[in-house]
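In what follows, a structure is listed as structure tokens, so that the remarks can point back to it.
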Amino acid sequence: MCGILGLLLADENCHVNQMLYDGLTVLQHRGQDAAGIVTSEKGRLHLRKDNGLVKDVFQTHHMLDLRGNVGLGHVRYPTAGSSSCAEAQPLYTNFPHGVCVAHNGNLTNAAELTDICRHQLRRHVNTDSDSEVLLNIFADSLIHGETTKVDGNDDAMVENIFAAVEKVMKMCKGGYAGMYLINGIALIGFRDPHGIRPIVFGSRKSPKSANGNEMMDYVFASESVAIDTLGFDLVRDVEPSEAIIITMDGKVHTRRCLPENECKFAPCIFEYVYFARPDSIIDGISVYESRLKMGEKLAYQIVERYPDHDIDVVIPIPDTSRTSAVQAAYILGRPYREGFIKNRYIARTFIMPGQETRKKISQAQAEHD
């Protein structure tokens, strides 16, 4: 599970680097192993990625190099592959056009797809990351779909992109949400056929708009909190199996890439229980409100099953359960207390690579009261 962010600004003379940095900082809770940003400036791609937190990966001289009005950002928690900086995202392939990907999720058939990429598509897969597979399948589909020279304004190119995303969704099994950046052509946001991983879409009126010529800036993000922080308006969630294509001239194209009978909506409950920030809204549901309801439901179950319970206090474990614990304590008529104190200078242990690392940091993170 990772945090992803994509921006396209209408003004070609504006740069997305600082906005991507700020947005990734807001999404840092989704991944603390590595961070990366890629931007596109008049046909040239600029990439910086490394292991570490956002504040450590991007120094001033890196930010000055990340020029361009469109870009992707990523914070990584390694659920597949390794913690090598080679697997930090965004990932890039130069053919066709120059394609980048920022991906959140897991492909359950990654090993099978890697073999297909290597032996059937003749594409080199350099890492164990399933995101690289996602990138290569999309890039190969673009190549085979292009029969004539196209550009970002050509409807044939848009149809080709939709067809490539459709092929990705038919081949790739699992839960995933992501973005592709096709250099000089389009920014694409997409979501798996079951809507397991979250991705939201936002917009704002561009400062470049003048004299009735309204222009729009666009953003994709894992959580709505990033859209809010950057001053955009939340438009909606990307639907299961949907791809949203924003061409460089600001035109928006949307399509569900698979038939509805193949798209059973099944979002990940872990986003609401633990992973997402409480001030986010996912699939129209407030994460904070959902945690309140969980605490309420738990309390009523306790009263129903154990009417003579001897509960003394209600204690939240882990820290994200505080909202639920407060509500449960209120309904049960028992005092809310802090029994474990989180060390806020220690990172989230769940998204640390390796069980031994998680155990070691957990001991430093929680202190018995």
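Only one residue of L45, L27, T108 has its Cα farthest out toward the positive end of the dipole of segment 7-152, where Lys and Arg carry +1 and Asp and Glu -1 on Cβ, and that residue is L45.
The residue list Y180, S206, V133 was ranked by how far each Cα lies along the charge dipole of the chain toward its positive end, using unit charges on Cβ atoms, and V133 comes out on top. Average accessible surface for segment 173-223: 29 Å² per residue, computed with a 1.4 Å probe over protein heavy atoms with every protein chain in place. Between the residues H144, Q89, I281, the greatest Cα displacement towards the positive end of the dipole of the chain, with unit charges on the Cβ of Lys, Arg, Asp and Glu, is found for Q89.
In whole percents, the pair-distance distribution calculated for segment 298-338 from its alpha-carbon pairs, binned every 5 Å from zero, is 5, 28, 34, 22, 10, 2. Annotation for segment 241-346: trypsin sites (Lys or Arg not before Pro) lying in DSSP loop with at most 11 further Cβ atoms inside 10 Å of their Cβ are K264, R344.
Looking at segment 229-278, the accessible area is 51 square angstrom per residue; that uses a 1.4 Å probe and ignores ligands, DNA and RNA. Using only side-chain charges placed at the Cβ, +1 for Lys and Arg and -1 for Asp and Glu, the dipole size of segment 1-148 relative to its Cα centre rounds to 160 debye. With the largest listed first and rounded to whole Å, the semi-axes of the equivalent ellipsoid of the chain from the Cα gyration tensor are 38, 22, 21.
With all protein chains in place and a 1.4 Å probe, the accessible surface of segment 37-180 carries 47 percent carbon and sulfur. For the chain, the longest principal axis of the C-alpha atoms and the axis of helix 287-305 are separated by about 40°. Across all Cα atoms of segment 97-253, the radius of gyration (one decimal) and Dmax (whole number) stand at 16.2, 55 Å. The modelled label-to-label distance between R344 and D279, using points 7 Å beyond Cα along the C-beta direction, is 1.3 nm.
The fraction of accessible area contributed by carbon and sulfur in segment 239-289 is 56 percent, rounded to a whole number (1.4 Å probe; ligands and nucleic acids excluded).
When both segment 191-268 and segment 50-67 are represented by their alpha-carbon centers, they are found 26 Å apart. When the trypsin sites (Lys or Arg not before Pro) in segment 18-97 are filtered for DSSP coil states and for at most 15 other beta-carbon atoms within 10 Å of their beta-carbon, the remaining sites are K42. Remark: accessible surface ordering of E223, E260 (largest first) is E260, E223, probe radius 1.4 Å.
For segment 284-349, the list of chymotrypsin sites (Phe, Trp or Tyr not before Pro) that fall in a loop by DSSP and count at most 12 other C-beta atoms within 10 angstrom reads Y345. In a simple Cβ point-charge model (Lys, Arg +1; Asp, Glu -1; nothing else charged), the chain has a dipole of about 440 debye relative to its Cα centre. Computed from phi, the 3J(HN,Hα) profile of segment 225-238 under the Karplus parametrisation 6.51, -1.76, 1.60 (θ = phi - 60°) reads 4, 5, 5, 4, 4, 7, x, 9, 9, 6, 8, 4, 7, 5 Hz, with x in place of Gly and Pro. Binning the C-alpha pair distances of segment 1-103 at 5 Å intervals from 0 yields a P(r) profile of 2, 15, 26, 26, 18, 9, 3, 0 %, listed from the shortest bin outward.
Stokes-Einstein, applied to the Kirkwood radius of segment 1-40 over Cα pairs at a viscosity of 1.002 mPa s and 20 °C, places its translational diffusion at 195 µm² s⁻¹.
Roughly what angle does helix 355-365 make with the longest principal axis of the chain, taking Cα atoms, 0 to 90 degrees, to the nearest 10? Computed tilt is about 50 degrees. Per-peptide packing, taken as the mean over residues of other Cβ atoms within 10 Å, places 177-188, 93-104 in the sequence 177-188, 93-104 from highest down.
The values are calculated or read from the model by the stated rules, or taken from the named source; none is laboratory data. Just so we're clear, the structure is a prediction, and the values are computed from it rather than from any experiment. With ideal geometry, Cβ positions are generated from the backbone for all residues, glycine too; neighbour counts draw on all protein chains shown. Accessible surface is based on the protein model in full, side chains and every heavy atom, while ligands, DNA and RNA are left aside. Shrake-Rupley method; radii C 1.70, N 1.55, O 1.52, S 1.80 Å.
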